[in-house]
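Before any comments, here is the structure.
Every number in this text was worked out from the coordinates using simple rules, so none of it is lab data. If you're wondering where the values come from, they're calculated on a predicted model, not measured in any experiment. In this analysis, Cβ positions are derived from the backbone assuming ideal geometry, glycine residues included, and neighbour counts consider all displayed protein chains.
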Amino acid sequence: MGMKSNSNHFKGTNGSKKGGLLKLNIQLFAAKSMSKTGMKLLNKSSDIKLKNIVKELYRPGATKGDGGTVAAIKYEKKTGNLVGGKSHIQKGIERMRNLERFLSRNDISKKDRKIASKLYKDLKKALGGK
């Protein structure tokens, strides 16, 4: 029952190969989830733009620290090694710009402003600002 292995392809119960690898890849991708810290921030955020920033800062499958961009930046600066083959420093700068634009709005809740301010300060500190 289920999927049977046949060299590099998978067959469904009806013997067809169609879609087997795609289904497997989707299942593997779905198995990677955002870190607890990222999920907590995502759930506390109410503004869709802030939620999108949080999703960019805490990507599924992250392996360093709390799974956030700040942890990746700190790791890169400490070791000189890239995380996942990419530099997160530029990503951190871009997310800071996103947060600056978000924080310049007058229509955001106090809770969202607090979350965004904390994210901004953490990024700034990790990137060498004060």
Which links in 40/74; 44/110; 64/111; 55/118; 44/86; 77/118 stretch past 23 Å when you go from one Cα to the other?
64/111; 44/86
Zone of residue 78's modelled label, taken as backbone nitrogen in the stretch 47-71 under 18 Å from a point 7 Å along Cα→Cβ:
62-71
Backbone N under 13 Å from the residue 39 label point (7 Å along Cα→Cβ), restricted to the stretch 109-130
none
Which value, in Å³ per residue, describes the convex hull spanned by the Cα atoms of the stretch 36-126?
80 Å³
